[in-house]
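What follows is a single structure, written as structure tokens, with notes after it.
The values are calculated or read from the model by the stated rules, or taken from the named source; none is laboratory data. Keep in mind that this is a model prediction, so the values were computed, not measured. Don't worry about glycine lacking a Cβ; one is built from the backbone with ideal geometry, like all the others, and counts go over all protein chains shown. For accessibility, only protein heavy atoms count, side chains too; no ligands or nucleic acids. Shrake-Rupley method; radii C 1.70, N 1.55, O 1.52, S 1.80 Å.
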Amino acid sequence: MNSKKYIFFDLDGTLTDPMTGITRSVQYALKSYGIEEPDLEKLTPFIGPPLKDSFMKYYGFSEEKATEAIGRYREYFAVTGIFENQVYDGIPRMLKNLKDRGKTLLVATSKPELFAEQILEHFHLKAYFSFVGGASMDEVRVKKEDVIAYVMESVRMADVKEAVMVGDREHDIIGGKKNGMDTVGVLFGYGSRQELKAAGADILAASVKELEEILLAKM
């Protein structure tokens, strides 16, 4: 991986653990429809995929209702949930070491770009990244492959062979593959080994330390 100049990182479940903020925001949105879900663990599948898809998949919402639910979700998330989050141990050190080695670090997340930038700024991580790419607030750009393509275009990346996508869910791996990238799946987030392998991850990292070693290794 030392031949990789560009390292694309997912945000939720890869750089930070957003479990509390995301699940409480989903809980808040569901409650507005008369759906009580006291067990936040049951809402962890919402971490990673586009919200609209998750409301439709797990609660049978129509596309119109799911779009409306995203607005309810953001009522809580934009004020409180956004900071109910924590950086995984070792991430700042890893980012510093990668940047010191001349890597160009980028974020590609299905979270709205505005929220992603606020989170990275809040946790003093934004300075490590050359570009932060996320979903558009109108959900037009939300699929991971579209976000990755947007980041590639924004930084005028010429050779996809110089890039690797790092993430914890199948959407990260599939999105990277659709853009011709090598991929690394992380097991400390919210995707299982089975999910990541089935999606075609080239390498799996069980810890932040192992991820750093992979990204700095000669391969």
Item to check | Per DSSP, loop chymotrypsin sites (Phe, Trp or Tyr not before Pro) in the stretch 1-88 with at most 14 further Cβ within 10 Å | outcome: 33
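Of the listed pairs 31/197; 103/144; 52/99; 4/197; 103/161, which have alpha-carbon separations greater than 24 Å here? Before the final figure, lay out each step's value.
Numbers: 31/197 35 Å; 103/144 22 Å; 52/99 34 Å; 4/197 21 Å; 103/161 14 Å.
The answer is 31/197; 52/99.
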Next on the checklist: Considering all projection directions equally, how large on average is the shadow of the alpha-carbon convex hull of the stretch 65-168, in square nanometres?
Outcome noted: 7.3
Checklist entry - Between residue 41 and residue 178, what is the spin-label point distance in nm, taking each point 7 Å from the Cα along the Cα→C-beta axis? => result 3.2
Checklist entry - Taking a probe of 1.4 angstrom, what is the accessible area of residue 159 in Å², to the nearest 10? => result 60
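Divide by every residue of the chain the summed helix terms, -39500 (n - 2.57) for each DSSP H run of at least 4, and state the resulting mean residue ellipticity at 222 nm, rounded to the nearest 500 deg cm²/dmol. Please report the intermediate quantities before stating the final value.
Numbers: 9 runs with 93 residues, N = 219.
Calculated at 222 nm, the ellipticity per residue is -12500 deg cm²/dmol.
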Checklist entry - Give or take rounding to whole Å, what are the principal axis extents of the alpha carbon atoms in the stretch 20-65, in descending order? => result 25, 24, 13
Checklist entry - Using the heavy atoms of the protein chains alone and a 1.4 angstrom probe, what is the accessible area of the chain per residue in square angstrom? => result 45
Checklist outcome for this item: Subtracting the Cα-Cα distance of residue 137 and residue 62 from 0.36 nm times their residue separation yields 25.1 nm
Checklist entry - For the chain, which whole-number percentage of the solvent-accessible area (1.4 Å probe, protein heavy atoms only) is attributable to carbon and sulfur atoms? => result 48
Item to check | Principal axis box of the stretch 1-42, alpha-carbon based, largest edge first, Å | outcome: 52, 16, 12
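Please list, by residue number, every one of the trypsin sites (Lys or Arg not before Pro) in the stretch 122-219 that is coil in DSSP and has at most 10 other beta-carbon atoms within 10 Å.
Working: sites: 126, 141, 143, 144, 156, 161, 169, 177, 178, 193, 197, 209, 218; in loops: 141, 143, 156, 169, 218.
Of the trypsin sites (Lys or Arg not before Pro), the ones in loops of the stretch 122-219 whose Cβ has at most 10 other Cβ atoms within 10 Å are 156, 218.
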Checklist entry - Using a basic spin-label model with each label point 7 Å from the Cα along Cα→Cβ, how many nm lie between residue 84 and residue 5? => result 4.2
Checklist outcome for this item: Output for the stretch 1-77 (equivalent-ellipsoid semi-axes, sqrt of 5λ from the C-alpha gyration tensor, Å, descending) is 28, 14, 10
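Once you compute Rg and the Kirkwood Rh from C-alpha atoms, what is the Rg to Rh ratio for the stretch 1-158? Please list the in-between numbers first.
Numbers: Rg = 16.2 Å, Rh = 16.3 Å.
So for the stretch 1-158, dividing Rg by the Kirkwood Rh gives 1.00.
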